[in-house]
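Below: one structure, written as structure tokens.
Readers should treat all values here as calculations from the given coordinates under stated rules, not as data from a laboratory. All values derive from a computational prediction rather than experimental measurement. Every residue, glycine among them, receives a Cβ derived from its backbone with ideal geometry; neighbour counts consider all protein chains shown.
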Amino acid sequence: MNKLIKPIAVILVNTILLAQAKVVSTSQSPVKVAYAGIQVTNVDPWAETELQNKFSAIFNGLNPEQFIKYKVVLQVAKTQVDSLFLDMADAQFQRVADQTGAQYVFAGKFKNVSPDESRIMIQGDFYRYNAQLKSSYRYEVLKYYERMGSEATVIRNQLVDTIPSTANPPSLKQVAMVFGVILVAGLLFMSLTGTAVWSEGDGGNGPPPTEN
């Protein structure tokens with residue numbers, strides 16, 4: 001019986017620690033993410049608009065309290081954003097971060113380099129700047145326009161989804177499920193522990209009776 005109780009106790013402890021980690025993560029200040037937009041040159045207006053929409057969509061699903069949209073960034077840091085697109089350097093990113101209060105700043109700069117007028121080839125870089133480390137990660141892009149949808153998905157997976165603590169906080173249903181598991185595991189643990197105690201109190205394990 002003790003062999004069975006030990007792994008259950010481990011599961012119970014791990015479950016409690018997981019629940020505590022969720023509570024701590026939601027109580028901390030959320031990571032702020034600012035999107036300064038993208039700049040696209042040598043393309044028709046319709047293509048630029050579609051590219052703007054594709055890159056804006058990579059932030060869908062972020063906690064609204066954490067995400068600073070492009071329009072809001074322009075409202076509070078237009079001068080810094082204009083300087084950023086003149087020189088995509090870490091110092092310029094830091095100025096945007098300081099003005100918006102963001103820990104991460106995203107921006108991209110692209111152009112059409114296709115020699116064929118009937119096709120569009122997008123070349124450029126998309127950046128994720130970490131204001132705490134004061135360094136940027138640059139993702140290079142060289143894709144035909146029709147493949148930019150899948151490229152934006154890759155960028156989201158590599159640059160957005162890897163930011164710690166940017167997901168929405170757990171819902172009430174998720175919290176209830178976690179504590180439900182804790183309750184069931186606790187009751188099962190108590191039940192097995194009680195069984196073990198009763199079995200140890202049974203006289204069957206005592207010394208055999210002796211005759212006088």
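Amide H to amide H distances under 5 Å link I68 with V33, A34, Y35, where only residues 5 or more positions off or on other chains count and H is placed in the peptide plane. Taking a ≥ b ≥ c as the square roots of the eigenvalues of the Cα gyration tensor, an a/c ratio of 1.5 or more together with a/b larger than b/c marks the stretch 33-160 as prolate. The length gained by stretching the chain between S114 and V76 to full extension, at 0.36 nm per residue less their Cα-Cα distance, is 10.1 nm. Restricting attention to the stretch 33-160, close to 70% of DSSP beta bridges with both partner residues there are antiparallel. Between N53 and L133, the simple label model (points 7 Å from Cα in the Cβ direction) yields a spacing of 3.4 nm.
Straight-line reach from K32: taking Cα to Cα under 15 Å and skipping same-chain neighbours fewer than 8 places apart, the aspartates and glutamates in range are E65, D98, D161. Applied to the stretch 123-131, the Karplus parametrisation 6.51 cos²θ - 1.76 cosθ + 1.60 on θ = phi - 60° returns per-residue 3J(HN,Hα) values of 10, x, 9, 10, 10, 10, 9, 9, 5 Hz, with x for Gly and Pro.
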